[in-house]
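Below: the structure, in structure tokens.
Here, each number is a calculation from the coordinates, and none is a lab measurement. Treat the numbers as computed from the prediction; the structure is a model and nothing was measured. All Cβ positions, even for glycine, are placed from backbone atoms using ideal geometry, and neighbour counts span all protein chains on display.
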Amino acid sequence: MKARTPFLLALLIVSATGMAARANPAPAAARPLFDGQRAWKHLEAQLAFGPRCPGCPGHARTRAWLVKELRALTPRVTVDEFTGSLDGKPVKLFNIIADIGPAGPRPILLGAHWDTRPWAERDPDPARRNTPIPGANDGASGVAVLLEVARVVRPNVPVRLVFFDGEDLGQGYDGFFQGSRRFADRLGANKPRWGLIVDMVGDADLRIEKEEFSRHMAAAVVERVWNEASRSGYARYFKDNPGPRIFDDHWPLLNAGVQVADLIDFDYPWWHTTYDTAERCSPASLEVVGRVVVGVVEAER
């Protein structure tokens, strides 16, 4: 009996420990939330490269950085190199595409442009109007949001992130959204089920209205977004009223038959000026938009 007592005692201890473990299981790791400060670091990183217009040193640096950041999140990254036009001259442009979530057809499309405008034609100082813009809001904010979305989102369906080049090269209509036109022309049969363009969403005084083309041609997507903003407590940033008609990267996609809504705060006095800098933007605005985008994507079944 004395020889068996330690064994029985150990057995009782192990059994009791197992019961306690089953009664109090280890807590699951908390899922990450969209972090405006992390997104802000992505915005600052882009600004540190300098202007991201084709031909500028910052263009090549940003492309390499963006591909590296995406490949740290998913192995499914491709770069579509094509020839665009800048001031009537050929220029190399690059759409950067990353797939996340389960593989399959008809992904949700999330897009932003990563290039910046080569001219600050609206600058209050005429001497600066041929200067490339910094593009904190007009370019960097949308990229920053989508990079953080890619880190935290847990989609139930395929998601394709597209970082368009050549959005802001226009002196006239033909020069704008060259990357999204290229992408729309090559869609083929596997069109996205729906999509969002995220552009100029870093304004410290964030106010997103229902852009007119989106409201008429992608009404169901607009409704998804505004419902999610209300559910998440962000209705004060997503105004329930018609916004202006804006030609942006959603326009070629809408014309290709894809319902894509443009999330944009166009009430931004520093648009296309050298004053489009980080001081006019806010990590809190990036967080609001990012959390709404994540919520809309994760609701899709």
3J(HN,Hα) from dihedral phi, region 41-58, Karplus parametrisation 6.51/-1.76/1.60, rounded to Hz, x for glycine, proline: 5, 5, 5, 5, 4, 5, 4, 5, 6, x, x, 10, 7, x, x, 7, x, x
Angle between the chain longest axis and helix 283-298 axis [Cα atoms, degrees, rounded to 10]: 70 degrees
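Once the Cα gyration tensor of region 122-168 is found, what semi-axes does its equivalent ellipsoid get, as square roots of 5 times the eigenvalues, in whole Å, sorted largest first?
Details: eigenvalues 218, 23, 7 Å².
Ellipsoid semi-axes (Å, largest first): 33, 11, 6.
Kirkwood-based Rg over Rh for the chain (C-alpha set), two decimals? Please list the in-between numbers first.
Working: Rg = 23.3 Å, Rh = 20.4 Å.
In the chain, Rg relative to Rh is 1.14.
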For F176, distant residues with modelled amide H under 5 Å away: G170
Placed amide H near F266: partners under 5 Å, 5+ positions off or other chain: E209
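Could you put K191, K41 in order, starting from the residue whose Cβ has the fewest other Cβ atoms within 10 Å?
Working: K191 18, K41 14.
If I rank by nearby Cβ atoms, fewest first, I get K41, K191.
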Label-reachable residues, region 264-278, where backbone N falls under 16 Å from a point 7 Å from A127's Cα toward its Cβ: 274-275
Inter-centroid distance (Cα atoms) of region 87-166 relative to region 224-291, Å: 13 Å
Mean Cα-pair separation over length for region 33-298, i.e. relative contact order, pairs under 8 Å, 6 or more apart, %: 26 percent
From phi via Karplus (6.51, -1.76, 1.60), per-residue ³J(HN,Hα) for region 181-188 in Hz, x at Gly/Pro: 5, 4, 5, 5, 5, 10, 5, x
Whole-Hz ³J(HN,Hα) from phi, Karplus 6.51 cos²θ - 1.76 cosθ + 1.60, for region 143-153, glycine and proline x: 4, 4, 4, 5, 5, 6, 4, 4, 6, 9, 5
Most mobile of P192, P75, P107 in a GNM of the chain (Cα contacts under 10 Å): P75
Cα-projected label distance for V152 with S230, points at 7 Å along beta-carbon direction, nm: 2.3 nm
Two-decimal log10 I(q)/I(0) for region 181-301, as the Debye equation yields it once each C-alpha is a single scatterer, q = 0.10, 0.16, 0.17, 0.21 Å⁻¹: -0.31, -0.77, -0.86, -1.22
Fraction of the pair-distance distribution of region 29-173 above 22 Å, Cα-Cα pairs, percent: 41 percent
Under-5 Å amide H pairs with L86, H placed in peptide plane, nonlocal only: V91
